[in-house]
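In what follows, a single structure is set out as C-alpha cells and then discussed.
The values are calculated or read from the model by the stated rules, or taken from the named source; none is laboratory data. Just so we're clear, the structure is a prediction, and the values are computed from it rather than from any experiment. Positions of Cβ are backbone-derived with ideal geometry, glycine not excepted, and every protein chain shown enters the neighbour counts.
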Amino acid sequence: MSIEKVSTTEKTAIGIAHSKLILIGEHAVVHGQPAIAIPFPLVGVESVIERISGPITFDSTFYQGPMDAAPITLDGIINSIEATLDHLQLPKRNLLIRVKSSIPPGKGLGSSASVAIAIIRSLFAYAEVSYTEKELLYFADIAETFAHGSPSGIDTLTITSESPVWFEKENPISYIKPSSDFHFIVADTGRIGDTRSAVESVAHLLKTAPRKIHAKIERIGELTHHAKYALEKAGRNFLGQVLNEAQKELESLGVSDAGLNKMIKFAREEGAIGAKLTGGGNGGCIIALAKNEVHSRQLAEKLKKFGAHAVWPFVLRKQD
Ligand SMILES: Nc1ncnc2c1ncn2[C@@H]1O[C@H](COP(=O)(O)OP(=O)(O)O)[C@@H](O)[C@H]1O
Ligand SMILES: C[C@@](O)(CCOP(=O)(O)O)CC(=O)O
C-alpha cells in the first residue's frame, strides 16, 4: 500500500518530543546510582495522526504499512500505542500515524523514548483528552521496557522535562540549576550502539565480579554528585575533570568502543576540558565540554573534519 494513496479525512492531531543527553551516570543509573541528563532540543520527533479508514497504518522511516504487519523493532512502540488507545477507549483502527524524526536511532540520544512520547502525545491530542505527566511516562515506559529490557526511566523522564534533571530510580527527579553557561558539543561516531546489549553486558559483569563492578558503579555515582556540584557551584574546569573520570569508569565497564575512544581522545587533544560517551555506548555519540562559545564552534568543525557523522554544539544555559 502506498501511504500517499491512503485517503484521510480532515481530522489530524500532532505530538512532538525533543531528545535527551545523559551528561553523566549512564549505566550506573540502572543499578540505583544517580545520573544527570539534559533535554536536547536540537533534534526531535513529530507524530501526526490522521483519520483514515482501515487498519492502523504507520508512515515512518522505520516502516510504512499496516501496524499488524510491522517489524519486530516496532513492537515496543506498538505496545505503547495499544495501551494508550485502550486507555482512551479508541478502536484500534482508522488511524494513520506519521512519524518524522531527526534523532539518529541507536546513538544514545533517546530516539525510542522520543518516538513513543511524540506518538502518545499525538494520540491524546487526537482524542482531545488531557493527560498527566504520570500517564505520559506510564505509556512511554511500556515501549522503553520492550526496547531496552530494564530501563532506568531516565530517558522518558528527561524527554518530558524542560530542565536538566537529577535522576535516581527510587527517587526519580529533581532539577539542576547551572550557575553559568556550559558549552558542549555532541558528536556522532556513526556507529550504531545497542543499549539493551550494553546494559546486559554490565549486568553480566556485575554477576561475575560483583565487588569490583559494584565499586565502579558506586564511583560513577560519586562522580555524578561531583558533576552536580560543578554545574551548580564549581564550574567548567571541575566538570571537565569529572567527565573524564566517568569515561575511565565506563571504559572499564566495557561500554566504550574504539570509535568512541578515538573521538574522545581527539576532542581532548583539541582542547575539550572533558569528554565522554553519552547514552548506552558501544557506538553512538560523545559529549565534549568546550572552553567557551568560540572554542565550541571550532571544536565542532574539527570533529566534523575528523569524521563525526553529525555534530551539535549545544549550550546549557545558566538558570537563576
Ligand atoms: N523514525 C522512527 N519511526 C518509528 N520508530 C522509530 C523511529 N526512530 C526510532 N524508532 C523506534 O526507536 C527504536 C530505536 O531506538 P534506539 O536505537 O533504542 O534509541 P536509543 O538507543 O537512542 O534510545 C526503533 O527500534 C523504533 O522502535
Ligand atoms: C545505559 C542507560 O543508562 C542509558 C541509555 O540511553 P540510550 O537509550 O542509549 O539513549 C540505560 C538506562 O538508563 O535505562
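What are the pairs with Cβ atoms under 8 angstrom where one residue, in segment 98-127, is within 22 Å of Ala198 (Cβ to Cβ) and among the aromatic types (Phe, Trp, Tyr) and the other, located anywhere, is within 8 Å of ligand 1 (Cβ to nearest atom) and part of a helix (DSSP H, G or I)? Sequence gap at least six, or different chains. Note: no pairs meet the criteria. For segment 34-76, filtered to residues that are surrounded by fewer than 15 Cβ atoms within 10 Å (Cβ to Cβ) and among the acidic types (Asp, Glu), the residue that is nearest to Ser152 (Cα to Cα) is Asp75. Would you kindly identify the helices (runs of 4 or more DSSP H) lying entirely within segment 151-242 that contain at least 1 residues that are within 16 Å of ligand 1 (Cβ to nearest atom), closer than 30 Å to Thr73 by Cβ and touching a strand residue (DSSP E or B) at 6+ places or on another chain (Cβ under 7 Å)? Here the list reads 154-159.
Selection of segment 268-281 for residues being surrounded by 21 or more Cβ atoms within 10 Å (Cβ to Cβ) and either within 16 Å of ligand 1 (Cβ to nearest atom) or over 21 Å from the mean Cα position of the chain (by Cα) (or both) yields Ala272, Ile273, Leu277, Thr278, Gly279, Gly280, Gly281. Restricting attention to segment 28-45 and to residues that are touching a helix residue (DSSP H, G or I) at 6+ places or on another chain (Cβ under 6 Å) and within 13 Å of ligand 1 (Cβ to nearest atom), the residue that is nearest to His148 (Cα to Cα) turns out to be Ala37.
On inspection, Asp75 passes the criterion of being within 12 Å of ligand 1 (Cβ to nearest atom), closer than 21 Å to Arg196 by Cβ and not assigned by TED's automatic domain parsing to the domain that holds Val255. Of all residues assigned to segment 252-272, none qualifies as being in a strand (DSSP E or B) and either free of Cβ contacts under 8 Å to residues at least 24 places away in the same chain or touching a Gly at 6+ places or on another chain (Cβ under 8 Å) (or both).
Scanning segment 150-198 for residues that are crowded, with 19+ Cβ neighbours inside 10 Å and among the acidic types (Asp, Glu) yields Asp155, Glu168, Asp188. Among the residues of segment 163-193, just one is closer than 21 Å to Ala275 by Cα, acidic (Asp, Glu) and within 19 Å of the chain's Cα centre (by Cα), namely Asp188.
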